[in-house]
Amino acid sequence: MPLKPIPALITRQRDPDNLESHFSALDGVLTPNDSFYVRSHFEAPVIDPGAWRLRIEGSVHRIVDLTLTDLRGMPAQTHTAVLECAGNGRLFLKPKKDGVQWELGAVGCARWTGVPLAAVLDRAGVQPGVIDVVLEGADSGTPEKADHPKAKITYSRSLPLSKARQPEVLLAYEMNGEPLTRAHGAPVRAIVPGWYAMASVKWLRRILLIDHRFQGFWQTVDYAYWSAHDGQPPEHVPISDIAVKSTIAQPAGNDRIAFGAPVRVFGAAWSAGAAITTVEVSVDDGKLWNAAKLIDEAHEHAWQRWEFVWRPDKPGRYTLRSRATDAAGNTQPAEHNKDHGGYIVHHTLPVVVEVE
Ligand SMILES: Nc1nc2c(c(=O)[nH]1)N[C@H]1C(S)=C(S)[C@@H](COP(=O)(O)O)O[C@H]1N2
Ligand SMILES: [Mo]
């Protein structure tokens, strides 16, 4: 049963549905649920919330099976966090990279309510020697990558135990105050603030604690890249932290702007676990930079909206770019890091407009 079409979203792929937000529709801090991007590798499972169980097993002191009522009965937490697909912005890469051709909108920010993963791990009791916490979804299929045997596999991703224990990592059942929808992982999904969203496993059904590094497909083949260090053998690393990024929502690419009036350049900026401290805007393709004003309060995991009032001095074609810096001192680079392949596209992206 395919999802119902979601008109507020751009269809990048059907069955499974991969739907992109209109980034130019950015308004409040929170992305409304019906215009939040959807990224699914397989058909979204239909799960009866009454029959749903979450099993925590592996290197635990006791196997735990939780119902939705059990989970809702545990102390809840709410965190605002950005979810960004690791392939967001892939459309800008030349040469073209394999994968869904996301432009700007495979990202959104929502308030997530649920139970800290740490509390659920404590119920089961973590045995000494646990390295990884594997989060397993209820969806499965055969990934497209040709080098993989044609077996049906279940979507799963792992977190190192230390990350799994961070208080902001949730097993969420609400998004912006409403129960999760099927597209976004109902009845329960993981939310891993600060990490690219492949880690925020939807339709969660099993948590497995293991005493070694997880070697699953989306850990080692997909959502991983070769990292080259000078004089060292290259290392294959699973993608984790979100890299500092900002994106211009308004004006949108190819907009025609009437000459004479000031132009509000408006967008959002985010990073992994470090607040955004500066956003700059260039209207000459990255030569000169002007300070933008941050609109929202500094926040670790939510994005911050920003704006800059631009007064073009003559009509013409302009290439706008924005550049964010976070409290840890990370700044957006001018070019994509080729080691990252089709992922982690966070360099300063161009928006070309016509002032006439
Ligand atoms: N079970 C499951 N979880 C998943 C996925 C998936 O295909 N199956 N996709 C992941 C990826 S790559 C992203 S970007 C986010 C997207 O979350 P959203 O659809 O709620 O925006 O979910 C993640 N969790
Ligand atoms: Mo993703």
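A few points about this structure:
- Protein heavy-atom surface of region 224-356, 1.4 angstrom probe: 49% of the accessible area is carbon and sulfur, with nucleic acids and ligands not counted.
- Mean accessible surface per residue for region 114-168, computed with a 1.4 Å probe while every protein chain stays in place, in Å²: 43 Å²
- Too-long pairs where the Cα-Cα distance tops 24 Å, listed order kept, from Lys96/Lys293; Lys202/Lys338; Lys97/Lys287; Lys163/Lys202; Lys96/Lys245; Lys97/Lys245: Lys96/Lys293; Lys202/Lys338; Lys97/Lys287
- Toward the positive end of the charge dipole of the chain, with +1 on the Cβ of Lys and Arg and -1 on the Cβ of Asp and Glu, the farthest Cα among Leu19, Trp310, Thr325 is that of Leu19.
- Residues in region 120-131 carry Karplus couplings, in order, of 6, 4, 5, 4, 7, x, 8, 6, x, x, 5, 10 Hz; the curve used is 6.51 cos²θ - 1.76 cosθ + 1.60 with θ = phi - 60°, and Gly or Pro positions show x.
- Judged by the gyration tensor of its Cα atoms, with axes a ≥ b ≥ c, region 122-223 is oblate; a/c meets the 1.5 cut and b/c is at least as large as a/b.
- Rounded to 0.05, the FRET efficiency of the Thr78 and Asn254 pair, given R0 = 45 Å and the Cβ-Cβ distance, is 0.75.
- MRE, 222 nm, helices only [DSSP H, n ≥ 4, -39500 (n - 2.57), over the chain, to nearest 500]: -1500 deg cm²/dmol
- Inter-part distance where region 169-203 and region 45-69 are each reduced to a Cα centre, Å: 16 Å
- Label point of Asp27 set 7 angstrom out along Cα-Cβ; within region 298-331, amide nitrogens under 19 Å from it belong to 303-307.
- Selected from Ile242, Ile207, Ile131 as most flexible by GNM, with the chain as the system and alpha-carbon contacts under 10 Å: Ile131
- Long-range HN-HN contacts of Ile257 with modeled amide H, under 5 Å: Glu354, Val355, Glu356
- Three-way shape call for region 261-356 based on the alpha-carbon gyration tensor, with the a/c threshold at 1.5: oblate
- Averaging the sequence gap over all C-alpha pairs within less than 8 Å and six or more residues apart, then dividing by the number of residues, gives region 197-356 a relative contact order of 25 percent.
- Region 1-122, relative contact order in percent, only Cα pairs under 8 angstrom and at least six apart counted: 26 percent
- Listed values for region 63-74 are Karplus-derived 3J(HN,Hα) couplings in whole Hz (6.51 cos²θ - 1.76 cosθ + 1.60, θ = phi - 60°), namely 6, 10, 10, 10, 8, 5, 5, 4, 5, 5, x, 7, and x replaces Gly and Pro.
- Using 0.36 nm per residue and subtracting the Cα-Cα separation, the extra length available between Thr220 and Arg123 on full extension is 32.0 nm.
- Sites Glu356 and Lys94 - FRET efficiency at Förster radius 25 Å, r taken between beta-carbons, to 0.05: 0.35
- FRET efficiency for Thr142 and Ala328, using Cβ-Cβ distance with R0 set to 45 Å, rounded to 0.05: 0.70
- Relative contact order of the chain, pairs being alpha-carbon contacts under 8 Å that are 6 or more residues apart, as %: 16 percent
- Carbon plus sulfur fraction of accessible area for region 14-140, probe 1.4 Å, in percent: 49 percent
The values are calculated or read from the model by the stated rules, or taken from the named source; none is laboratory data. Predicted model, so just to flag it, every value in this text is computed and none were measured. Cβ atoms come from the backbone with ideal geometry, glycine included; neighbour counts cover every protein chain shown. To get the accessible areas, we keep the full protein, side chains included, count just its heavy atoms, and leave off ligands, DNA and RNA. Shrake-Rupley method; radii C 1.70, N 1.55, O 1.52, S 1.80 Å.
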